[in-house]
Amino acid sequence: MHRAETLTPSGLKRRPLILLALVVLTAADSGNVRMAHAQASPDAASVGVPGFWDPRRRPERPDTSRINLIRFMTEYDYPPFNYAGPDGNPTGFNVELARLICEELKIPCTMQMRRFDTLVDALAQNRGDAIIASIVPTPELRQRVDFTNPYYRASARFVARRDSEPVQALPEQLEARRVAVVAGTSHEAFLKNFFTEADMRPYPTPEAAREALRKGEVDYLFGDGVQLALWLNGTDSAGCCVFRGGPYTESSYFGEGIGIAVRRGNDTLRLALNWALFRLWEKGRFTDLWLRYFPISPF
């Protein structure tokens, strides 16, 4: 079982070169990702917000009369998505999204925190009804649980120093440019396949790669969009850098998208959660929540 940012290139196949145009030029649309902008928030005009919902396909509200309580489960330490707050209670983007879902469905909910590696077993043992913990839906995991429609996708982004020339992050533009990447990741595999002329510089950790860019030892950094967005918005970056190009969301490298896990065959709850997620997006409440946690968006 993997968190959203721990995908590895094992088992990946080389994609034909014709796919490169799709990945680079329309990466934001890969896997039917839609970029939504909330009319209710002025900040949304300049911040990309992921959306997986087609307004032309409005789902009908399912019968939820038999759902008296939803027991959500999440993990302890994966900020900003889920973590224990100063008072010890669960908080984070996933937790607040679960609360909004419960408000929309008008069904009482509870939230319990467990170790990440115990969540699926706890679901199978009926200790909870749904997992909202940024779990990657791998083929193996789909044999054990069902997932709702995705509500966000792991993205990859290029980052450059703010004072650098604003070059578009395309393969021909990055020829011979020094690009930092974390060794052994899906991001490294993506660069090897599609940015073959870049001067790739593998680093052992995300921290080391970010520091190399901050010091000007490399021209670009390519990595997990969520981690990079939090870094850019934090004090460690010292305002050094900005996103360039992307987002890149090709599913063979960066996953199918993150949904909520429920027990296999629990279609009543899965469809209810899908309906609530759509309604939250339609009303702009999903976007408002996203902007609170990602003022510099991974998208």
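The values are calculated or read from the model by the stated rules, or taken from the named source; none is laboratory data. Just so you know, these numbers come straight off a predicted model, no measurement behind them. No Cβ is skipped: glycine too gets one built from the backbone with ideal geometry, and neighbour counts run over all protein chains shown.
Do the conditions hold for residue 181, that is, is it in contact with a Cys (Cβ under 6 Å, 6 or more places away or on another chain), at pLDDT 95 or above and surrounded by 20 or more Cβ atoms within 10 Å (Cβ to Cβ)? Spelling it out, it is not the case that residue 181 is in contact with a Cys (Cβ under 6 Å, 6 or more places away or on another chain), at pLDDT 95 or above and surrounded by 20 or more Cβ atoms within 10 Å (Cβ to Cβ). Residues in the stretch 86-102 that are assigned to a helix (DSSP H, G or I) and of a type in the set (Val, Ile, Thr): 95, 101. Taken over the stretch 159-184, the criterion of being out of contact with any helix residue (DSSP H, G or I) (no Cβ under 9 Å at 6 or more places or on another chain) and not aliphatic (A, V, I, L, M) is satisfied by 162, 163, 164, 165, 166, 168, 172, 173, 175, 177, 184.
Answer yes or no: is there a residue in the stretch 104-114 that is closer than 24 Å to residue 206 by Cβ, outside the structural domain of residue 237 (by TED's automatic domain parsing) and surrounded by 14 or more Cβ atoms within 10 Å (Cβ to Cβ). Among the residues of the stretch 104-114, not one is closer than 24 Å to residue 206 by Cβ, outside the structural domain of residue 237 (by TED's automatic domain parsing) and surrounded by 14 or more Cβ atoms within 10 Å (Cβ to Cβ), which makes the answer no.
Only one entry in 167, 136 is outside the structural domain of residue 196 (by TED's automatic domain parsing) and surrounded by fewer than 23 Cβ atoms within 10 Å (Cβ to Cβ), namely 136. Scanning the stretch 220-249 for residues that are part of a loop (DSSP other than H, G, I, E, B) and in contact with a Leu (Cβ under 8 Å, 6 or more places away or on another chain) yields one hit, 240. Contact annotation: residue pairs with Cβ atoms under 6 Å, 6 or more positions apart or on different chains, pairing a residue in the stretch 212-226 that is assigned by TED's automatic domain parsing to the domain that holds residue 162 with a partner that is assigned to a loop (DSSP other than H, G, I, E, B) and among the hydroxyl-bearing types (Ser, Thr, Tyr), are 225/155.
Considering only residues that are closer than 24 Å to residue 187 by Cβ, among the hydroxyl-bearing types (Ser, Thr, Tyr) and assigned to a loop (DSSP other than H, G, I, E, B), which ones fall in the stretch 105-163? Answer for the stretch 105-163, where residues must be closer than 24 Å to residue 187 by Cβ, among the hydroxyl-bearing types (Ser, Thr, Tyr) and assigned to a loop (DSSP other than H, G, I, E, B): 134, 138, 151, 155. Kindly indicate whether residue 277 is closer than 13 Å to residue 97 by Cβ and more than 15 Å from the chain's Cα centre (by Cα). The answer is yes for residue 277.
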